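A short worksheet on the structure shown next.
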Amino acid sequence: MALILVVAMAENRAIGKDGGLPWHLPADLKHFKAVTMGRPILMGRKTYDSIGRPLPGRRNIVITRNAGWSADGVEVAQSLDAAIAMAGEGDVMIVGGGQIYAEALPRADRLEITEVALKVDGDAFFPPVDKSVWHEVARDSHPVEDGKPAYAFVTYDRA
Ligand SMILES: NC(=O)c1ccc[n+]([C@@H]2O[C@H](COP(=O)([O-])OP(=O)(O)OC[C@H]3O[C@@H](n4cnc5c(N)ncnc54)[C@H](OP(=O)(O)O)[C@@H]3O)[C@@H](O)[C@H]2O)c1
C-alpha cells in the first residue's frame, strides 16, 4: 500500500480560500482526475463539503469527528487511521484539505503536487515540504497561457 498526497498549492503553500480553491485551473482538475481515478480518495469533511458530491469512479472516504455525519455514495471514517484501514490494499490517495494533509504528510510515501505560480491570500495551507526528506522525481511544467498562471505537475518521493 502506498499513501499518496495529491494537492495543488501556491508558492506560499496556500491551497484554499473561503472553503474553495483560490484559482480556476481546468488543466489541474483534469490532472487530478487522471491521478485519482479508480483509487480510493480520502478527504476531510470540509473538503467534501467544498466539492458537494462524491466524485465518480473512486471510493470516496470522508473523515469527520461527527459520528452522525453521512452522505449518499460516501464512506465515513472517524480518523485518518480508520480511513486508511477502510481503503485497504493498493494506492490510497489523500486529497485534502489542510488539516488532513498536515496529519498525513509524516506517513506519506509520495506527493503529487501541482505547483501553481501564484502567491494567494489563502486560509488553508499545505504543510512545509522538507527537501531533505522529499526529492523530486518528475516535473511537467506549463507556462502562462490564456490568462491562467504557470504551473507544474511535480512528483516527490521520500529521499
Ligand atoms: N488545492 C488543493 O489541492 C485542495 C485540496 C483539498 C482541499 N482544498 C481546500 O482546502 C480547504 C479545506 O481544508 P481544511 O483544512 O479547512 O479542512 P479539511 O482538512 O478538508 O477538513 C477538516 C475536517 O476534517 C475532519 N477532521 C480533520 N482531522 C480529523 C481527525 N484527525 N479525525 C477526524 N476528523 C478529522 C473534521 O471534520 P468535522 O468538523 O466534521 O469533525 C475537520 O473539520 C478548502 O478551501 C478546500 O477548497 C484544496
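Read-outs throughout are calculated quantities, based only on the coordinates presented, and are distinct from any laboratory measurement. Predicted, not measured: the structure shown is a model, and the values here were computed from it. Please note: Cβ atoms are built from the backbone with ideal geometry, for glycine as well, and neighbour counts cover all protein chains shown.
The table below gives the values:
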quantity	calculated
Within the chain, helix-based [θ] at 222 nm, where runs of 4 or more DSSP H residues each add -39,500 (n - 2.57), nearest 500	-5500 deg cm²/dmol
Gyration tensor (alpha-carbon) shape descriptor, the stretch 101-159, a/c threshold 1.5	oblate
Beta bridge orientation in the chain: antiparallel %, DSSP, nearest 5	50
Neighbour-count ranking [beta-carbon atoms within 10 angstrom, fewest first] of Glu103, Glu89	Glu89, Glu103
Residue among Val129, Val92, Val116 with the largest mean-square fluctuation in a Gaussian network model of the chain, springs linking Cα atoms under 10 Å	Val129
Helix 26-36 axis, angle to the chain major axis (alpha carbon atoms, nearest 10°)	50
Shape of the stretch 73-116, Cα gyration tensor, a/c cut at 1.5	prolate
The chain, relative contact order [Cα under 8 Å, separation at least 6], %	33
Lysine pairs in the chain with Cα atoms under 23 Å, if 8 or more residues apart or on separate chains	13
Prolate/oblate/rounded call for the stretch 53-93, Cα gyration tensor, a/c under 1.5 rounded	oblate
Cleavage-rule hits (trypsin sites (Lys or Arg not before Pro)) in the stretch 56-114: DSSP loop, at most 11 neighbouring Cβ within 10 angstrom	Arg65
Top of Asp91, Asp140, Asp72 by mean-square fluctuation, Gaussian network on the chain, Cα under 10 Å	Asp72
Binned Cα-Cα distance frequencies in the chain - 5 Å width, integer %	2, 9, 19, 23, 21, 16, 7, 3, 1, 0
